[in-house]
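Notes follow once the structure below has been shown.
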Amino acid sequence: MKLSHVVFVAAVAAGCGQSSGPRVATVSSTIALTSDDATLWVVNPDADSVTVIDPTARTVLAEIALGPTPTVDAAGRYEPPIKPRALAILPDDSKVYVAGETADAVFVLDVKTRRVLGTIPVAAAPVGVVAAPDGSAVYAVSHEAAVVTKIDPKRDAAVGTLDVGEHPWGASISADGKLLY
């Protein structure tokens, strides 16, 4: 097993088996449940939207457009201007952060109103986003730029960046919030 696989497995395992406090997804994903398992959030890359689902009733509660409806250009080409790739829910279930790959931005959604609160510009092609288990930070991973952006969820603003090797495709954070993979 390659070292990168060991780190990934260790990072995933770090989020399992927590017995106290809110359950937090520690891996960037295209799908996430709120801490009470009441709503499932899913990105729709080709529709530039996020769908909210009631997993018990298996019904769609809302589809949140992240921008204008994507269109086909005069040549018949279709390229979504946002292309959401991943999302992360804060541990208190107040906000959802969505990585918009072709928009070079992270979109901030309000869980209760199911509306876009704003966007945060980040480096080229964000494809992953993960929230710290204590809700103190959100990290966006930009594939094309090979940069990780730290976002302050209180201000919904980028507060720092870190260049990383190669072109990352995802992110995971340790259960204690001290290590970002």
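The values are calculated or read from the model by the stated rules, or taken from the named source; none is laboratory data. The structure presented is a predicted model; accordingly, all values stated were derived computationally and were not measured. Here the Cβ positions follow ideal geometry from the backbone for every residue, glycine too, while neighbour counts run over all protein chains shown. Accessible surface is based on the protein model in full, side chains and every heavy atom, while ligands, DNA and RNA are left aside. Shrake-Rupley method; radii C 1.70, N 1.55, O 1.52, S 1.80 Å.
Summary table
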quantity: Whether the range 106-151 is rounded, prolate or oblate, judged on the alpha carbon gyration tensor where a/c under 1.5 counts as rounded; calculated: oblate
quantity: The chain: most fluctuating residue of 40, 66, 162 per GNM, C-alpha cutoff 10 Å; calculated: 162
quantity: Exposure rank, largest accessible area first [53, 89; 1.4 Å]; calculated: 53, 89
quantity: Too-long pairs where the Cα-Cα distance tops 19 Å, listed order kept, from 83/154; 112/178; 95/150; 83/112; calculated: 83/154; 112/178; 83/112
quantity: Estimated FRET transfer efficiency when R0 is 35 angstrom, pair residue 59-residue 150 (beta carbons, to 0.05); calculated: 0.45
quantity: Accessible area of the chain belonging to carbon and sulfur atoms, whole % at 1.4 Å probe; calculated: 55 percent
quantity: Residue with peak Gaussian network fluctuation, the chain [Cα springs, cutoff 10 Å], from 124, 62, 88; calculated: 62
quantity: Overall form of the range 131-181 per C-alpha gyration tensor (a/c, 1.5; a/b vs b/c); calculated: oblate
quantity: Distribution of pairwise C-alpha distances over the chain, 5 Å bins, in %; calculated: 1, 9, 17, 21, 20, 15, 9, 4, 2, 0, 0
quantity: 1.4 Å probe accessible area per residue over the chain, in Å²; calculated: 52 Å²
quantity: Förster radius 30 Å - calculated FRET efficiency between residue 166 and residue 31 (Cβ-Cβ, nearest 0.05); calculated: 0.75
quantity: Pair residue 113, residue 157: separation of 7 Å Cα→Cβ label points (nm); calculated: 2.0 nm
quantity: Relative contact order (%) - the chain, alpha-carbon pairs under 8 angstrom, separation at least six; calculated: 17 percent
